[in-house]
Amino acid sequence: MSWLVTAASTTVPTESTQQAIGYPTLFVLVLLGALVPVIPTGALVSTAAVVAFHQTTAPFALAMVFVTASLAAFLGDGTLYWLGRRGMRSRNGSRWLEAIRVRAPEERLEQAQVKLAEHGVTVLVLSRLVPAGRLPVMLACLVADWPLRRFARGNFPACLAWAVTYQLIGVLGGSLFPEPWEGVLAAVVLTVLISVAPGLWRRLRRPQPH
């Protein structure tokens, strides 16, 4: 029986192995999600937080999830903004700028421009927390010709707040259920509900044709 226990222990990844693989993977996925906004980065952070919560080194693991996610989001946003500025200065634009414009409808852009003019960098923080709010505000900053340094100063606390918010969702899911997979499922469901809630609210408020 001892050989069976030994074989099982060698096939189950240790926490250090999971962390060595998990943190770089989380970094890459969040970075790509910032550049190509089709990856559910919020759900990724919440899922990583659930797994970290159930590890024996939970405080360290949760801190690493926070640092990894916020840094990847910050670098991804900064890269996309830099590419957007290059597109704004080009006569033919760029596919990156077009990708931002496609996901920032005219109505949302106008709202973002008004709020940006009234509240400045505070809007950047809120845009990261509101589902589908990041790109309209980013485009508003591009239209207002904000330099990259000014955008980065406002986006840094935005990424920190975003990482904390979705990590807390994961910690909540992890604390409610004894099994990690149950916490992951709860966190994913909650993040999906958060992402679709604003769209449903706008549809409900939209005047119905008579």
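The values are calculated or read from the model by the stated rules, or taken from the named source; none is laboratory data. Keep in mind the model is a prediction, meaning the values are calculated, not measured. Neighbour counts are summed over all protein chains in view; Cβ atoms, including those assigned to glycine, are modelled from backbone coordinates with ideal geometry. We work out accessible area using only protein heavy atoms, side chains counted, and drop any ligands, DNA or RNA first. Shrake-Rupley method; radii C 1.70, N 1.55, O 1.52, S 1.80 Å.
For Ile194, the stated conditions do not hold, so it cannot be described as in contact with a Leu (Cβ under 6 Å, 6 or more places away or on another chain), modelled with pLDDT under 90 and within 18 Å of Ala73 (Cβ to Cβ). Applying the set (1) open to solvent by less than 60 Å² (accessible area, probe 1.4 Å); (2) without any contact (Cβ under 8 Å) to a residue 40 or more places away in the chain to Arg101 leaves exactly one unmet item: (1). Selection within segment 36-67: residues that are part of a helix (DSSP H, G or I) and under 11 Å from the mean Cα position of the chain (by Cα). The member of this set that is modelled with the highest pLDDT is Val45. Can you tell me which residue within segment 125-175, out of those that are of a type in the set (A, V, I, L, M), touching a residue at least 60 places away in the same chain (Cβ under 8 Å) and not in a helix (DSSP H, G or I), is surrounded by the most Cβ atoms within 10 Å (Cβ to Cβ)? By that ranking, first place goes to Ala132. Take the conditions more than 17 Å from Tyr166 (Cβ to Cβ) and hydroxyl-bearing (Ser, Thr, Tyr) and apply them to Ser94. Does it pass? Against the criterion (more than 17 Å from Tyr166 (Cβ to Cβ) and hydroxyl-bearing (Ser, Thr, Tyr)), Ser94 qualifies.
Do we find a residue being in contact with a Gly (Cβ under 8 Å, 6 or more places away or on another chain), modelled with pLDDT under 85, part of a loop (DSSP other than H, G, I, E, B) and not hydrophobic (A, V, I, L, M, F, W, C) anywhere in segment 104-124? Yes, that holds for at least one residue. All of (1) aromatic (Phe, Trp, Tyr); (2) open to solvent by less than 80 Å² (accessible area, probe 1.4 Å); (3) at pLDDT 90 or above hold for Trp82 with one exception: (2).
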